[in-house]
Amino acid sequence: TYLLRLINAALNDELFFSIANHTLTVVDVDAIYVKPFETETLLITPGQTTNVILKTKPSYPNATFFMTARPYVTGQGTFDNSTVAGILEYESPPKSLHLSKMFPLFKPILPALNDTSFATNFASKLRSLASAQYPANVPQKVDKHFFFTVGLGTSPCQHNQTCQGPNGTKFAASVNNVSFTMPTTALLQAHFFGQSNGVYTPDFPSSPTIPFNYTGTPPNNTMVINGTKVVVLPFNTSVELVMQDTNILGAESHPLHLHGFNFFVVGQGFGNFDPNKDPAKFNLVDPIERNTVGVPSGGWVAIRFLADNPGVWFTHCHLEVHTSWGLKMAWIVFDGELPTQKLLPPPADLPKC
């Protein structure tokens, strides 16, 4: 029996992973124990980790098995559809009688590149242990609700440049139609010293300023706005955040990562989130706890977390290209009253930004 620790270190690909002729038992994701379940294939997005138990077979001497991974892709852009492979090899015991018999190389069958039903199925199997020793401390009451649209958009092409977006525009990405502009002064530095003026504004929209049919026909105007906007939270605020994929330039799965916290994935679905019906189906007993979650292609995911870590924390897509296009935003969590609940000052040798 072996424990395999898997991490997706790719920049732009969610990955299916499988070992031929072997069943894997998932026991942990993002350093949190889960209710163990068996699978022949798993899905792991950039930055996510998954620990699995591998039990080897007693009767395959001299056999080799492919371990393979290839992308799960839902967008319309070009991507590398190649399959990466490693080999799991069985050695014969000493003085074995099987040395003369050569076994073939076994190859796994991976899901189709756009198999969203597999992705949904796999995500639905992930549950926290929720035991006395490893409780699932999901916030039962919510202080602040947020609804974020995540997806692509366009920006005007700069003068004297050729851009490859629709109608000669430049591809962009945004949260609530705000494409994040990286500041020249560090946000944490500006926050700690109370010098936010000209660096950021605390007016990130808590919901889309112009609602539309998010998974239906996209609006005619797909231009994003650019800004360095943040959400400000008092210490110990319990947050519920619904992240909704949009159909602008095509629906797409977006692995969203939150810095500074773990969160609980309390619900997900396809189509547009319905605030009147969908919360009744949330899992508040044993939802999976993690730090990166895939927003379903053409769907939504709901998470809850407790803002008990003072500082400045990014939420961003873990597809590098989307983050570079602006699919990110930041939370500022204020200090609490106790000394242990306050942001530490920068170290004396911190290089000035």
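The values are calculated or read from the model by the stated rules, or taken from the named source; none is laboratory data. None of the values given here were measured: they were computed from a predicted structure. A quick note on method: Cβ atoms are made from the backbone with ideal geometry, for glycine too, and the neighbour counts reach across all protein chains shown. Ligands, DNA and RNA are stripped out before the accessible areas are found, and what is left, the full protein with its side chains, is counted by its heavy atoms. Shrake-Rupley method; radii C 1.70, N 1.55, O 1.52, S 1.80 Å.
Residues in the stretch 15-35 that are in a loop (DSSP other than H, G, I, E, B) and within 20 Å of Leu256 (Cβ to Cβ): how many?
Summing the residues that are in a loop (DSSP other than H, G, I, E, B) and within 20 Å of Leu256 (Cβ to Cβ) in the stretch 15-35 gives 2.
Over 27 Å from Thr215 (Cβ atoms), open to solvent by less than 40 Å² (accessible area, probe 1.4 Å), outside the structural domain of Ala173 (by the TED database) and among the aromatic types (Phe, Trp, Tyr): which single residue out of Phe66, Phe37 fits that description?
Of the residues listed, the single one that is over 27 Å from Thr215 (Cβ atoms), open to solvent by less than 40 Å² (accessible area, probe 1.4 Å), outside the structural domain of Ala173 (by the TED database) and among the aromatic types (Phe, Trp, Tyr) is Phe37.
Under 17 Å from Ser324 (Cα atoms) and either modelled with pLDDT of 95 or more or not acidic (Asp, Glu) (or both) - does that describe any residue in the stretch 118-138?
Taking every residue of the stretch 118-138 in turn, none turns out to be under 17 Å from Ser324 (Cα atoms) and either modelled with pLDDT of 95 or more or not acidic (Asp, Glu) (or both).
Does Gly75 meet the test of being in contact (Cβ under 8 Å) with a residue 60 or more places away in the chain and open to solvent by 10 Å² or more (accessible area, probe 1.4 Å)?
So Gly75 fits the description; yes.
Conditions tested, residue by residue: (1) under 19 Å from Asn121 (Cα atoms); (2) of a type in the set (Phe, Trp, Tyr).
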{"position": "Leu11", "(1), (2)": "no, no"}
{"position": "Leu24", "(1), (2)": "yes, no"}
{"position": "Phe37", "(1), (2)": "yes, yes"}
{"position": "Val52", "(1), (2)": "yes, no"}
{"position": "Thr56", "(1), (2)": "no, no"}
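Select, from Asn114, Asn160, the only residue that is of a type outside the set (Gly, Ala, Ser), farther than 19 Å from Val242 by Cβ and within 19 Å of the chain's Cα centre (by Cα).
Of Asn114, Asn160, the one residue that is of a type outside the set (Gly, Ala, Ser), farther than 19 Å from Val242 by Cβ and within 19 Å of the chain's Cα centre (by Cα) is Asn114.
Taking strands (runs of 3 or more DSSP E) that fall entirely within the stretch 193-310, which contain at least 2 residues that are over 18 Å from Gly75 (Cα atoms) and over 21 Å from the mean Cα position of the chain (by Cα)?
Hits in the stretch 193-310: 225-227, 230-233.
Name the one entry in Thr215, Thr154 that is farther than 30 Å from Val138 by Cβ, crowded, with 16+ Cβ neighbours inside 10 Å and among the β-branched types (Val, Ile, Thr).
So the residue among Thr215, Thr154 that is farther than 30 Å from Val138 by Cβ, crowded, with 16+ Cβ neighbours inside 10 Å and among the β-branched types (Val, Ile, Thr) is Thr154.
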